[in-house]
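Colleague: The following block contains the structure, expressed as structure tokens.
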Amino acid sequence: MTAIDFTLPSKKFKDKTTVFAVGTVVVALCCIYTNFNPLAFFMEFHNVRDLLGEMLPPNYRTLTDDPSTGYAILQTLCMAFLGSLYGGIIAVIIAFLAASNTMPLKSVRMIARFTLSFLRVIPIVVVILIFVIAVGPSTFAGMLALVIVTIGNFGKLFTEIIENVESPPAEAIYSVGASRMQVIRYSIIPQILPTLIANMLFAFDVNIRSAIALGIFGGGGIGFKLQLAKSVLHYKDVAAIVSLIIIMVILTEKISDYLRRKILGEGKLK
Amino acid sequence: MPPKKFSFKRYRKFILPLIILLAVTEATAIVCGATFGKLSDGIFNGLAFLGNMYPPDWSAFPEMLEPALQSIIIAFLGTVFGTIISVVFALLAANNLANPWVRNITRVFIAIERSIPEIIILILLVAAFGLGAMPGVVALSIGCIGMLGKLLADIIEEIDPLMIEAIESVGGNKIQVIIFGVLPQIMPNLISYALFRFEINIRLSVLLGAVGAGGVGYELEYSFGMLQYHRAFTAVIIIIAMVFGTERLSYFLRKKVKTEGALT
Amino acid sequence: MIEVKNLTKSLPNGRKLLDGISFKVKKGEFVGILGPSGAGKTLTLRCLNGLLKPDSGSVIIKSENSQPLDICKIDKRELRRVRQKIGVIFQGYHLVKRLSALENVMIGRLGQISTWRSMFYGFTDAEAEEALKALDQVKMSQMAGMQTGSLSGGEMQRVSIARAIFQSPTLLLADEPISNLDPSNAKTIMKMIKPLSELMPVVGVFHQPEMTAKYCTRVIAIKEGKLIYDGDPKLSNKRLEEIYGEELELIEQQEHMIPVTAK
């Protein structure tokens with residue numbers, strides 16, 4: 001490093017202005033291309049006002065009058081739960097096959113890794129559309145989609161978690177003549193279990209949101225109810241359902257936060 | 001050496017949680033109609049259907065390129081505007097810049113936004129503005145606030161208060177504090193979060209497209225709806241390429257920001 | 001007993017890490033391996049357990065009721081069987097931090113029980129009691145239920161000794177067992193390892209000539225991959241200088257820090 005190593009303010013200013021100008025032009029071009037006028041949002045804000053006028057006050061009667069709304073909430077929760085559970089378990093299994101310290105065969109590792117990175121790039125909407133056609137629009141289709149998406153989202157993370165465990169204990173266990181399975185059982189699993197469970201809870205959080213979106217594409221649950229209420233233009237019902245969704249998401253987040261802290265806190269190390 | 005005396009006491013710790021887990025799983029499975037037989041059927045049906053979708057209809061490929069570009073641009077614009085709005089919200093939500101009242105109200109707003117899935121925002125915006133790119137961009141921008149706003153606000157709060165005081169002590173006003181003290185500090189994080197958000201927004205723009213924001217998501221939905229599965233497969237391939245490409249790009253750029261502090 | 005013959009190991013570029021090391025250890029002996037860092041002490045020890053395969057030479061293990069076996073020339077399955085009877089104490093303790101002390105001791109027998117039984121933590125109560133006795137022997141039984149991650153270094157090393165005791169090996173290896181510990185803990189650990197040499201040959205790598213002089217029955221010195229001394233544990237200053245060369249100063253500094261009363 002030389003003694004005088006700084007950019008002159010004038011040059012820095014020029015650089016920054018150039019970056020800013022180019023950025024602005026690119027954004028402007030994009031806006032023109034897509035016919036999107038940022039100001040229009042504010043100029044036509046009366047649309048939003050009108051909509052809010054339509055929506056308020058929320059018609060909570062629809063929740064009490066129609067018991068199927070409550071059931072739809074339950075369905076969404078169940079979808080997210082099963083999706084996270086099955087998806088998480090399958091992700092763990094594939095992660096064990098993909099991690100270099102648990103799977104000695106390189107070919108199996110490559111296949112597992114490829115599967116995970118392939119599932120990772122498939123967006124959820126593709127998965128749900130496929131399953132809706134394969135098994136028909138239902139909560140079941142939504143759940144299957146969540147399983148696939150959970151594997152994609154968490155498989156790679158789990159692989160990394162497994163590969164990052166401390167290896168010295170494994171060496172000690174090998175040194176008493178134990179087999180690979182025993183090393184996995186006594187060294188790797190105890191080390192990763194709390195993290196895995198915490199991540200599965202996180203997966204549940206993510207899946208609750210996804211489950212709502214899935215409902216709109218035929219995955220059933222509260223998302224479907226919302227879509228239904230919107231398509232018949234009952235905006236007061238929509239408002240009621242949206243507020244219900246917000247409460248549900250916040251509640252589940254708080255619960256899983258609490259559980260996560262408890263699980264991770266329990267095994268806290270020095 | 002067979003077990004001489006084998007007590008089940010050691011499993012006591014696990015049995016109750018296991019029973020609860022199994023019971024909940026069973027109950028939820030009934031609600032979802034996901035019995036084990038159906039589960040394997042469903043997965044095999046899905047795979048078999050994938051087989052039916054093959055081969056992709058390449059003749060539809062050229063006409064899908066433009067919608068794909070549109071999706072990418074919607075995601076890009078959503079990220080740009082979303083990041084700008086998020087920075088504003090983050091500044092308002094940081095306890096070392098804003099007064100406590102403003103901060104708490106902004107924090108609550110951010111928390112509520114975080115719990116609304118983007119798709120709901122989009123549905124409402126489509127209801128208000130009609131179909132088109134605008135509801136998509138706005139929905140994605142608003143969607144950024146929950147994630148980026150919170151992350152950035154947390155980072156701003158970690159900035160050394162002495163540094164802010166130093167700028168204030170030479171007579172700098174609030175805007176100067178923000179421009180010289182806060183923004184340079186959060187820039188590397190801001191860029192890498194924005195890139196990360198861009199990855200998410202690409203996926204979301206496909207999802208939103210399927211609901212009515214246009215782009216390749218709409219093509220996908222339309223092809224499925226018209227039962228043109230080979231055409232849908234083409235869309236799937238384009239979407240996967242898009243997601244994969246942006247992921248690599250954002251990974252590359254983020255690494256660059258991290259190692260060189262470039263772009264700051 | 002264990003017999004090492006002509007152990008050789010070299011890097012791909014031809015540099016010899018181990019160069020014809022031979023020695024014999026009988027029951028009742030507590031052998032300390034000394035040498036400057038990078039001399040090949042730990043490598044030698046790893047060859048004794050088959051964690052490392054030498055390029056040539058043999059490590060022959062004979063016990064009272066079995067055939068002599070050369071662990072450099074057996075396959076993986078047999079190696080596992082041999083390892084069941086070799087206890088190892090590591091410098092970094094190598095315990096599973098999230099398991100309790102008792103469970104870590106139980107791990108010592110994993111090689112001896114069937115994989116299926118071990119999958120469900122299927123140790124018998126008799127085995128648990130035995131493990132508790134092993135912990136008692138190192139004065140750790142009152143901490144049996146604690147997570148090892150929350151123990152101090154000396155306590156962790158005691159647990160790993162208990163693991164070796166519970167394993168009931170016919171040979172005990174110790175890889176710098178006291179290097180991470182403070183002087184008083186180091187002495188405690190040495191006192192616990194010493195009586196084990198009545199039951200089985202003990203081979204340890206050490207960095208503290210004072211400690212080996214006090215507790216070992218024999219000392220082997222390795223320098224640049226060659227065995228340069230094999231005999232009485234009490235080394236003269238001249239001998240120490242010969243072994244450690246420039247590093248001697250460092251060792252002596254260390255001795256200042258470790259107050260060893262016996263001279």
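The values are calculated or read from the model by the stated rules, or taken from the named source; none is laboratory data. None of the values given here were measured: they were computed from a predicted structure. Quick reminder, even Gly has a Cβ in these numbers, built from the backbone with ideal geometry, and neighbours come from all protein chains shown.
Colleague: When you go through C:Lys139, C:Lys133, C:Lys73 one by one, which is the residue that is more than 12 Å from chain A (Cβ to nearest Cβ) and farther than 22 Å from C:Ser160 by Cα?
Modeller: One residue alone meets the criteria, C:Lys73.
Colleague: Tell me the helices (runs of 4 or more DSSP H) entirely within segment C:73-181 that contain at least 2 residues that are crowded, with 24+ Cβ neighbours inside 10 Å.
Modeller: Hits in segment C:73-181: C:101-106, C:125-137, C:153-167.
Colleague: Additional query: Only one of A:Ala40, A:Ala21, A:Ala3 is at pLDDT 75 or above and small (Gly, Ala, Ser). Can you tell me which?
Modeller: Sole residue among the options that is at pLDDT 75 or above and small (Gly, Ala, Ser): A:Ala21.
Colleague: Moving on. Against the condition exposed (fewer than 15 other Cβ atoms within 10 Å of the Cβ) and over 15 Å from B:Leu152 (Cα atoms), how does B:Asn52 come out, does it pass?
Modeller: When the stated conditions are applied, B:Asn52 passes them.
Colleague: Residues C:Arg83, C:Arg163: which one is under 23 Å from C:Ser63 (Cα atoms), basic (Lys, Arg), within 7 Å of another protein chain (Cβ to nearest Cβ) and within 18 Å of the chain's Cα centre (by Cα)?
Modeller: Exactly one residue qualifies, and that residue is C:Arg83.
Colleague: What helices (runs of 4 or more DSSP H), lying completely within segment A:185-270, carry at least 2 residues that are touching a helix residue (DSSP H, G or I) at 6+ places or on another chain (Cβ under 7 Å), more than 9 Å from chain B (Cβ to nearest Cβ) and of a type in the set (Val, Ile, Thr)?
Modeller: In segment A:185-270, A:189-214, A:235-266 are the helices (runs of 4 or more DSSP H) which contain 2 or more residues that are touching a helix residue (DSSP H, G or I) at 6+ places or on another chain (Cβ under 7 Å), more than 9 Å from chain B (Cβ to nearest Cβ) and of a type in the set (Val, Ile, Thr).
Colleague: Considering segment A:239-262 alone, what residues qualify as being touching a residue at least 12 places away in the same chain (Cβ under 8 Å) and under 14 Å from A:Ile73 (Cα atoms)?
Modeller: Result: A:Ala240, A:Ile241, A:Val242, A:Ser243, A:Leu244, A:Ile245, A:Met248, A:Val249, A:Thr252.
Colleague: Show me the helices (runs of 4 or more DSSP H) entirely contained within segment A:41-142 in which 2 or more residues are within 28 Å of B:Gly82 (Cβ to Cβ).
Modeller: Answer list for segment A:41-142: A:45-55, A:67-98, A:106-121, A:124-135.
Colleague: Of everything in segment B:31-42, what is more than 7 Å from chain A (Cβ to nearest Cβ), surrounded by 11 or more Cβ atoms within 10 Å (Cβ to Cβ) and among the hydrophobic types (A, V, I, L, M, F, W, C)? Give them in sequence order.
Modeller: Restricting attention to segment B:31-42, the residues satisfying the condition of being more than 7 Å from chain A (Cβ to nearest Cβ) are B:35-37, B:39-41.
Within this subset, residues satisfying the condition of being surrounded by 11 or more Cβ atoms within 10 Å (Cβ to Cβ) are B:35, B:39, B:41.
Passing the criteria: only B:Leu39.
Colleague: Name the residue that is farthest from A:Thr139 (Cα to Cα), counting only residues in segment A:220-252 that are under 18 Å from the mean Cα position of the chain (by Cα) and small (Gly, Ala, Ser).
Modeller: If we take residues in segment A:220-252 being under 18 Å from the mean Cα position of the chain (by Cα) and small (Gly, Ala, Ser), then A:Gly223 is farthest from A:Thr139 (Cα to Cα).
Colleague: Here is a list: B:Ala98, B:Ala94. Which entry is crowded, with 21+ Cβ neighbours inside 10 Å, at pLDDT below 85 and either among the polar types (S, T, N, Q) or on the phi < 0 side of the Ramachandran plot (or both)? Outline the logic, then answer.
Modeller: On the way: B:Ala98 fails: crowded, with 21+ Cβ neighbours inside 10 Å.
Only one candidate passes the filter, namely B:Ala94.
Colleague: Do any residues in segment A:35-49 that are more than 11 Å from B:Val137 (Cβ to Cβ) have Cβ atoms under 6 Å from those of residues that are part of a helix (DSSP H, G or I), where the two are at least six apart or on different chains, and which pairs are they?
Modeller: A:Asn47/B:Ala128; A:Asn47/B:Phe129; A:Val48/B:Ala128
Colleague: Say whether the condition of being surrounded by fewer than 22 Cβ atoms within 10 Å (Cβ to Cβ), out of contact with any strand residue (DSSP E or B) (no Cβ under 7 Å at 6 or more places or on another chain) and without any contact (Cβ under 8 Å) to a residue 24 or more places away in the chain is met by at least one residue in segment C:20-35.
Modeller: No - not one qualifying residue is present in segment C:20-35.
Colleague: Restricting the search to segment A:146-184, which residues are farther than 17 Å from C:Leu95 by Cβ and either more than 26 Å from the chain's Cα centre (by Cα) or at the interface with another protein chain (Cβ under 9 Å from one of its Cβ atoms) (or both)?
Modeller: A:Val147, A:Ile148, A:Gly177, A:Ser179, A:Arg180, A:Met181
Colleague: Within segment A:66-85, does at least one residue satisfy the condition of being closer than 22 Å to A:Ile189 by Cβ, among the small types (Gly, Ala, Ser) and within 12 Å of chain B (Cβ to nearest Cβ)?
Modeller: Yes, there is a match, as at least one residue in segment A:66-85 is closer than 22 Å to A:Ile189 by Cβ, among the small types (Gly, Ala, Ser) and within 12 Å of chain B (Cβ to nearest Cβ).
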